[in-house]
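Structure record follows, encoded as structure tokens.
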Amino acid sequence: MTKPAHSPTLVVCRDDQHASETVAKMFADLIRTQADAVLGLATGGTPVPAYRELVRMHREEALDFSDVVSFNLDEYVGLAPDHPQSFRYFMQEHLFDHINIAPANTHVPDGLSNDSDEHGRGYEKKIAEAGGIELQLLGIGHNGHIAFNEPGSPVDSRTRVVDLAEDTVQANARFFESIEQVPRQGITMGIGTILESRRIVLLATGSGKAEAVQRAIEGPSEPSHPASLLQQHPSVTFVIDDAAASHLA
Ligand code: GLP
């Protein structure tokens with residue numbers, strides 16, 4: 001596959017709280033210098049403490065989100081925005097309901113769209129019209145997925161509906177009452193969409209992510225490990241804790 005052109009910046013923190021604070025500060029610094037910044041946001045267990053820190057900064061340090069615009073990476077197909085396991089619900093619960101972001105400025109793909117191709121194109125158009133994403137937050141799946149781009153996702157993929165890998169369904173079952181309730185498809189920004197962000201920060205914490213992080217940074221850049229495709233972007237920072245760094249050379 002394409003030769004990796006760039007090495008990511010690596011920030012190793014002593015624990016997940018410090019890693020989360022580091023990421024929150026990156027977003028806060030951006031918002032303080034550019035009040036109408038366009039943020040790319042992620043869901044999952046990993047970013048929860050970073051969002052908590054942003055909420056604290058809003059309350060205690062007057063961090064102002066009133067002109068900020070956000071685009072989330074992905075959503076489950078079939079879940080309504082008010083479904084407690086939907087990513088829209090997650091964002092309201094962990095961030096949007098606790099800061100002064102304008103609801104109309106927050107974007108999450110629509111898991112109920114009956115024309116997902118059209119919806120995907122429209123989502124990409126909205127990102128472009130907003131001026132593109134300045135700073136995109138990512139997590140990483142155990143299998144190297146970013147957003148819902150599972151292994152095999154092409155480097156030029158765009159916002160689209162995808163089948164979730166069995167590994168992803170199992171990992172996310174902890175948020176549902178049973179594994180049968182986990183949707184089998186997601187609508188996700190593509191790798192190509194993500195790589196168009198001007199800066200990317202990937203947050204990974206815990207030993208469970210160590211192997212995926214190692215392959216992303218030190219492995220070949222190829223679609224079998226989607227996060228390794230980030231090597232093709234000139235401005236990526238991995239903010240990880242000691243546990244997630246434990247497999248690095
Ligand atoms: C999910 C999301 C990803 C997230 C990943 C890891 O399925 N679609 O955006 O990065 O899995 O999640 P967690 O942070 O809970 O480990």
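The values are calculated or read from the model by the stated rules, or taken from the named source; none is laboratory data. No experiment lies behind these values; they were computed from the predicted model shown. Cβ: placed from backbone, ideal geometry, glycine included. Neighbour counts: every protein chain shown.
Here is how the numbers come out for the structure above:
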{"read-out": "Some residue of the stretch 86-108 being farther than 19 Å from Leu30 by Cα and touching a residue at least 60 places away in the same chain (Cβ under 8 Å)", "value": "no"}
{"read-out": "Residues of the stretch 16-40 satisfying the condition of being among the acidic types (Asp, Glu) and surrounded by 13 or more Cβ atoms within 10 Å (Cβ to Cβ)", "value": "Asp16, Glu21, Asp36"}
{"read-out": "Pair list, Cβ < 8 Å and 6+ apart or interchain, from the stretch 208-222 residues that are of a type in the set (Lys, Arg) to residues that are surrounded by 23 or more Cβ atoms within 10 Å (Cβ to Cβ) and part of a helix (DSSP H, G or I)", "value": "Arg215/Ala227"}
{"read-out": "First in the stretch 173-199 and closer than 19 Å to Glu129 by Cα, second anywhere and within 11 Å of the ligand (Cβ to nearest atom) and among the charged types (D, E, K, R), Cβ under 6 Å, 6 or more apart", "value": "Thr188/Asp74"}
{"read-out": "Candidates Lys25, Lys3, filtered to the one that is among the basic types (Lys, Arg) and either closer than 20 Å to Ile127 by Cβ or at pLDDT below 95 (or both)", "value": "Lys3"}
{"read-out": "Wholly within the stretch 112-223, strands (runs of 3 or more DSSP E) carrying at least 3 residues that are within 24 Å of Val11 (Cβ to Cβ) and within 10 Å of the ligand (Cβ to nearest atom)", "value": "199-204"}
{"read-out": "Which listed residue is over 24 Å from Leu203 (Cβ atoms), exposed (fewer than 15 other Cβ atoms within 10 Å of the Cβ) and not aromatic (Phe, Trp, Tyr), from Glu129, Glu61", "value": "Glu129"}
